[in-house]
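Below is one structure, written out as structure tokens; comments come after it.
The values are calculated or read from the model by the stated rules, or taken from the named source; none is laboratory data. Quick caveat: nothing in here was measured; it's all calculated off a predicted structure. Cβ sites come from the backbone with ideal geometry, for glycine too, and all protein chains shown count toward neighbours.
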Amino acid sequence: MSKYFTPRRGECFSGKVKIFDSLTFFFIISCKSADTIEVKDVFAAFLSCRRKNDMHRSRNVKFAVTGVITCVLLCHFAGCGGHLGKGNSPVDLYVDAIMLQEAGYPNEAIEKLDAVIKKEEGFSQAHSLKGDIYQQMRQYEKSAEAYRKATELNAWSFHDFFNLGKVYQAMKKFAEAVRAYVRACELQPENLQAHINTAKCYNEMQQYDNALLYAQRAEQIDPDVTELQRILGDAYEGKENYEQAISAYKRALELDANNPQVMTALAVAYLRTSRDEPAKQLLTSAIELDPQNGKAYRHLAYCYLRLYEKTASEYRKMAQQSADDKAQMESMVSLGDEMVAKAIDNYTRAIEIDADDWDAHRGLGVAYIIDGKKADGTVDEFLKDMAIEHWRRSLQINPDQPRADRLRNLIAKYRAQ
């Protein structure tokens, strides 16, 4: 039962929450056989309040505890006692459902809640609890349906709007999630996670101004949250404000120095601003921390291609100015070959991790063409065929990718050679 009373920043007082668990257990034993509907109604309301963590948000713990004790005394003076499972009213069934849920019988709890709703369609707590149980079971469509009904019956329930947003977000229905989260933020303007989740969904919808609005509100609540700084960085990057993005990502790394996802995001921002060497160092560190980070492998491969281009450009300038320093020129050629080989290795690793990474397939094709170029301008047949194969695969995975026409033109060009 104590899982409902995990203290969170800004949501509860410390050290006084466990008292409700023993009281709740005593309440269940006392009220299951209560003959007075008034007592059961009070208990149902208490359980609903407890389940949604509203009780421990009270400003005055003494008031909450006094209320519980009063209800317990009412139960005893009403003649509570005896055996469990006696009643069949909506409140009885709802209490049964809560007990079954906490005992680990979700399907049986759902059956009880369906019986509650059949008897009393407007029992909002029953719809809400169904949403909770289905969410725990990862049956998100059913969970969303239950939460929708609960919000229709109770337009002031933060719990139901917030969790409706969560299940929509899990289903990647970001527009619907935003609508629910925005209402949750209105109901609890100081709730950090509601604002963070709203900003995250706006980022997914590429509505970066709205994402910044909610992320900045969250920052006013608590700036020292890694996830929040990452979201701010993503929003700034979406707006192509790379310096602000870099500042946010750096702040996130100050809060969590060994976070490979933040390292990767910061490295990408560095690549956007042509800071290839620091990007390479960050991506290498991210892969050391998370060897299954396919995105880091892909961007590291791209970084090596960028470094190859710089080396090739320097080689061409040197060749135009003077060809006397052959040793240095040969060293540059060797370095360029090494960069291309590392790009191929890292793109290949990214594809091993995620075979549907269309961007990695596209980049690997480019790397094969560079690796296969001969002095006369032609391309090695085997490497050319490999490049075309990966380009085709990239288009199969994502036919609407950026610059798709350019990729089709490259395929046609090299097939004609």
Of all residues in region 169-228 being buried (at least 21 other Cβ atoms within 10 Å of the Cβ) and of a type in the set (Ser, Thr, Tyr), the one that is farthest from Gln135 (Cα to Cα): Tyr214
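Confirm whether Glu121 is part of a helix (DSSP H, G or I) and over 23 Å from the mean Cα position of the chain (by Cα). Write out each step before concluding.
On the way: part of a helix (DSSP H, G or I): no; over 23 Å from the mean Cα position of the chain (by Cα): yes.
Spelling it out, it is not the case that Glu121 is part of a helix (DSSP H, G or I) and over 23 Å from the mean Cα position of the chain (by Cα).
When region 190-228 is examined, which residues are found to be among the polar types (S, T, N, Q), within 19 Å of Lys172 (Cα to Cα) and in contact with an Asp or Glu (Cβ under 7 Å, 6 or more places away or on another chain)?
Passing the criteria: only Asn203.
If we keep just the residues of region 233-292 that are part of a helix (DSSP H, G or I) and basic (Lys, Arg), which is farthest from Gln206 (Cα to Cα)?
Looking only at region 233-292, we keep the residues that are part of a helix (DSSP H, G or I), and these are 233-238, 242-255, 260-272, 276-289.
Now drop any that are not basic (Lys, Arg), which leaves 250-251, 272, 280.
Working: Lys250: 22, Arg251: 22, Arg272: 18, Lys280: 27 Å.
Top of the filtered list is Lys280.
May I ask you to list the residues in region 229-240 that are buried (at least 16 other Cβ atoms within 10 Å of the Cβ) and farther than 25 Å from Lys310 by Cβ? Working first, answer last.
Residues of region 229-240 that are buried (at least 16 other Cβ atoms within 10 Å of the Cβ), as a first pass: 229-238.
Within region 229-240, Gln229, Arg230, Ile231, Leu232, Gly233, Asp234, Ala235, Tyr236, Gly238 qualify.
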Going through region 250-278 in order, the residues found to be more than 22 Å from Tyr304 (Cα to Cα) and either touching a strand residue (DSSP E or B) at 6+ places or on another chain (Cβ under 8 Å) or crowded, with 22+ Cβ neighbours inside 10 Å (or both) are Ala252
When both residues are 6+ apart or on different chains and their Cβ atoms are under 8 Å apart, which pairs have a first residue that lies in region 158-174 and is among the basic types (Lys, Arg), and a second that is assigned to a helix (DSSP H, G or I) and modelled with pLDDT of 95 or more? Lys166/Gln135; Lys166/Ala177; Lys166/Asn197; Lys172/Glu204
One residue is enough: does region 344-359 have a residue meeting the conditions among the hydrophobic types (A, V, I, L, M, F, W, C), at pLDDT 95 or above and loosely packed, with under 15 Cβ neighbours inside 10 Å? yes
Quick one: which of Tyr297, Tyr270 is at pLDDT 95 or above, of a type in the set (Ser, Thr, Tyr) and within 21 Å of Ile344 (Cβ to Cβ)? Tyr297
Quick one: in region 369-412, which of the residues that are in contact (Cβ under 8 Å) with a residue 24 or more places away in the chain and part of a loop (DSSP other than H, G, I, E, B) is surrounded by the most Cβ atoms within 10 Å (Cβ to Cβ)? Asn398
